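Undergrad: For reference, the structure I am asking about is given below.
Read the figures in this text as sums done on the coordinates, not as results from a lab. Computed from a prediction, not measured in an experiment: that's the story for all the values here. Counting neighbours? That spans all protein chains shown, and the Cβs are built from the backbone with ideal geometry, glycine included.
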Amino acid sequence: VEEIVEFLYASANGDRDKFDELAANLHTDIDKAVDKVKRKAKDEAPLIGEVDALVDLLYFTYGSLVLAGVDPYEIFNFVHDANMGKIFPDGQPHFDPETHKILKPEDWEDKYAPEGKIERELERQKRIALRKAGLREANNRK
């Protein structure tokens, strides 16, 4: 859920009122989804429903990236490496006792934080897209 809230915050571009509105809409949408799922509950093996829902999330996520014009391949690898960097010196992941999320070792930010890599990759993709758009424009003028 935290990642969804972080996405909403980023979507609001620092506008706190917009963020509050998006968060309120999320609460409303969750309530609607709960009602919908209860109304159409199916008798299927739990794994089937779980896998179907997870693949739907992937479909939504990749579709959103396509609409944004982002190739997620390298970015996924940055985030994957960052998550694999959450192993502590004892060779084990450590978990937050309240949220049960995996904690980050002390040196994680310096060694693994993906944001800078993501920013550079997005800039690279933008340069390529602009170059392609310029070539297309030049070809259209011929």
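Undergrad: What net charge do the residues around Leu57 carry, taking every other residue with its C-beta under 14 Å from that of Leu57, with Lys and Arg at +1 and Asp and Glu at -1?
TA: Net local charge, Leu57 excluded: -4.
Undergrad: Related question: Over the chain, what relative contact order in percent results from Cα pairs under 8 Å that are six or more residues apart?
TA: For the chain, the relative contact order is 14 percent.
Undergrad: Given a cut-off of under 8 Å on Cα pairs at least six residues apart, what relative contact order in percent is computed for the stretch 72-142?
TA: 30
Undergrad: Here's a follow-up. To make sure I understand the rule: partners must be lysines, Cα under 29 Å from the Cα of Lys86, and not fewer than 8 residues away in the same chain. Which ones qualify?
TA: Answer for Lys86, where 29 Å is the Cα cut-off: Lys101, Lys104, Lys111, Lys117, listed by chain and number.
Undergrad: Please give the peptides 98-105, 41-48 ranked by average Cβ packing (other Cβ atoms within 10 Å per residue), highest first, as a rough proxy for protection. Intermediate results must be reported in sequence, preceding the final value.
TA: Details: 98-105: 11.8, 41-48: 8.2.
So the order, starting with the most tightly packed, is 98-105, 41-48.
Undergrad: Follow-up question, since we're still on this one. Within the set of other residues whose C-beta is less than 12 Å from the C-beta of Gly69, count the net charge using Lys and Arg as +1 and Asp and Glu as -1.
TA: Surrounding charge for Gly69 is +1.
Undergrad: For Lys38, what is the net charge nearby, where nearby means another residue's Cβ is under 12 Å from its Cβ and Lys, Arg count +1, Asp, Glu -1?
TA: Working: positive: Lys32, Lys36, Arg39, Lys40, Lys42; negative: Asp31, Asp35.
Result for the neighbourhood of Lys38: +3.
Undergrad: Still on this structure: If you stretched the chain out fully between Leu26 and His80, how much longer would it get, using 0.36 nm times the residue separation minus the C-alpha to C-alpha distance? Working shown, then result.
TA: Working: separation 54, 0.36 × 54 = 19.44 nm, distance 2.69 nm.
This chain segment gains 16.8 nm when fully extended.
Undergrad: Just to be sure I understand the rule: take each whole DSSP H helix in the chain, project its Cα atoms onto its long axis, keep it if the span is 15 Å or more and its mean Kyte-Doolittle hydropathy is at least -0.5. Which ones pass?
TA: 46-67, 73-84
Undergrad: Rounded if a/c is under 1.5, else prolate if a/b beats b/c, else oblate: with a ≥ b ≥ c from the C-alpha gyration tensor eigenvalues square-rooted, which is the chain?
TA: Note, shape of the chain comes out oblate.
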